[in-house]
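See structure below.
The values are calculated or read from the model by the stated rules, or taken from the named source; none is laboratory data. All figures in this text were calculated on a predicted structure; none of them were measured in a lab. Cβ atoms come from the backbone with ideal geometry, glycine included; neighbour counts cover every protein chain shown.
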Amino acid sequence: MFKLCYRFTKTHLPVFKQYPLHPKILEILDTKGLHTATPVQDMLFSCQDKARLLIGPTGTGKTYAYLLPILGKLKQDEEEQNKILTEQNKPRAIVVVSTKELAEQVEDVSQEFTKAMKLSTIALGKGTFKREQSYLQEGVDLVVTTLERLQRHRSAQSIYLSRVQHYVVDEIDTLLDASMQEDLKKLATYFKDKDAMTTYCGATYSTKVKNFIQSQYKKDIALLIEKQSHMHLENLSHDFVHCTTLDKSEPFIALYKECQTKFKGSIIIFCNEISSCHFLEFFCKKNGIKTVSLHGDLPKGMRSQNVAEFRSQQCKILITTDLGARGLDFPFVDAVINFDFPNSTSDYLHRAGRAGRAGKKGFIYSLYHNSEQSVIDELRKANEGERPIRIEESAYSKTNKEDSPKQKVVKSQSQQQSPKPKTQKHYVKGYKPAQKQAKQERTASKSYFKKVHEGKV
């Protein structure tokens, strides 16, 4: 029987020097003042299985967990054979991620080590396709890429996977929600046949992740699930602001002013739709609030520019869709504001994880209506019972249901007896009702989340 087992990590974690990491990596970590591993790093550093699934809370060092051993092994292989092993168009390691922004971030982290170790790395998707082909032609050891960009380069025969020894999927839960199952299954089968070291990482152990792992690996995979996964982290504070009308401008301004007096760091504001982002951008500009945005209406160059401006803290307010909720690391963020309340516990956890990185104190503020009470009730019950939060289907994939065969919905007795009261329509000019937005979004694409992955949201 396939079961979920929480692995309890050690109370006193070893220092990096106690792990079989490359001496150059240990030297760089020491210069950074990093000496002790996090729980997720301890779990993955200590696991030698060929296939591993690592689930841990956001902001706990999963990138270092999978990246450091890979870079060390690539360098060790060169030292043992006493030659450079880089070949044209044939990387030795592949990291698949969910967005272009995350690919750039992982590349930046890897370059903290690869430059000193004389290894090469590239993030595909941030530049032109032709320029990427020229870099791959020169030879790259580690490639970080989205699935879409990887498949395009494979079709153009500018990248071959025959020499890949290390295969990583970061944000596996995100990619499965993006309806990327078939592509991931093909890659899983390919790398299993090649006996490559395979690592999957994610923040939530959803039903889709369970089913994918069980179908592809049966019991031939190590399940490394950190005990704090799906739990309320002690370093995060959660506040919910009830809104009586659809016009959230007044409570938002009051909340923003409160954050300005309490925090010196940056703030991320989440919206469910691009149109909501546009409204909030206009509203903030009108009220003298400087912001930058991250969503699919922006050209790729402007997206990168806005993220760079926010990362350098030239601008301290980022307005984004859930494109900014998965994997991106901004350690200077003090607070997250959910201008639009997330529709599932999974999306809530991912958004909340943008604050309080690496154990620092973080604050989550959410504007909500009565119709969104169910997610709040689950968060409250989990907190009171000190149990993991039940991970619901991501709101991204719910847009697929309109294209699925119609299913009869059986309402509970309480639902039948308590019809939903009519809400007085009170809209802000330029801000469309949520139902109308959702309908437009569903008709625009079969998969909202697939648009996120391809950088269209």
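Determine whether Leu85 is over 15 Å from Ser158 (Cβ atoms), part of a loop (DSSP other than H, G, I, E, B) and in contact with a strand residue (DSSP E or B) (Cβ under 9 Å, 6 or more places away or on another chain).
Judged against the criteria, Leu85 is not a match.
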query = Any chance region 98-115 includes a residue that's in contact (Cβ under 8 Å) with a residue 60 or more places away in the chain and over 22 Å from Leu328 (Cα atoms)?
reply = no
task = Filter region 285-299 down to residues that are under 21 Å from the mean Cα position of the chain (by Cα), closer than 20 Å to Ser266 by Cα and of a type outside the set (Gly, Ala, Ser), then give me how many there are.
result = 3
inquiry  = Among the residues that make up region 79-97, is at least one of them hydroxyl-bearing (Ser, Thr, Tyr), within 28 Å of Tyr217 (Cβ to Cβ) and either touching a residue at least 12 places away in the same chain (Cβ under 8 Å) or in contact with an Asp or Glu (Cβ under 9 Å, 6 or more places away or on another chain) (or both)?
reply    = no
ask   = Any residue at all in region 266-275 that is more than 25 Å from the chain's Cα centre (by Cα) and within 23 Å of Glu101 (Cβ to Cβ)?
value = no
query = What residue, among those in region 167-194 that are among the acidic types (Asp, Glu) and crowded, with 20+ Cβ neighbours inside 10 Å, is modelled with the lowest pLDDT?
reply = Asp177
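One line per residue, one yes/no per condition, for (1) part of a helix (DSSP H, G or I); (2) surrounded by fewer than 23 Cβ atoms within 10 Å (Cβ to Cβ):
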position	(1), (2)
Gly327	no, no
Val336	no, no
Ser346	yes, no
Ala358	yes, yes
note = Per the filter on region 257-276, residues surrounded by fewer than 18 Cβ atoms within 10 Å (Cβ to Cβ) and modelled with pLDDT of 95 or more are none
Looking only at region 277-311, and only at residues there that are at pLDDT 95 or above and of a type in the set (Ser, Thr, Tyr), the one that is surrounded by the most Cβ atoms within 10 Å (Cβ to Cβ) = Ser293
Number of positions in region 99-127 that are over 18 Å from the mean Cα position of the chain (by Cα) and either crowded, with 20+ Cβ neighbours inside 10 Å or over 19 Å from Ser312 (Cα atoms) (or both) = 11
message = Please verify whether Phe252 is crowded, with 21+ Cβ neighbours inside 10 Å and touching a Leu at 6+ places or on another chain (Cβ under 9 Å), treating the condition exactly as stated.
response = yes
request  = Report yes if Val241 is hydrophobic (A, V, I, L, M, F, W, C), touching a residue at least 60 places away in the same chain (Cβ under 8 Å) and touching a Pro at 6+ places or on another chain (Cβ under 7 Å), otherwise no.
outcome  = yes
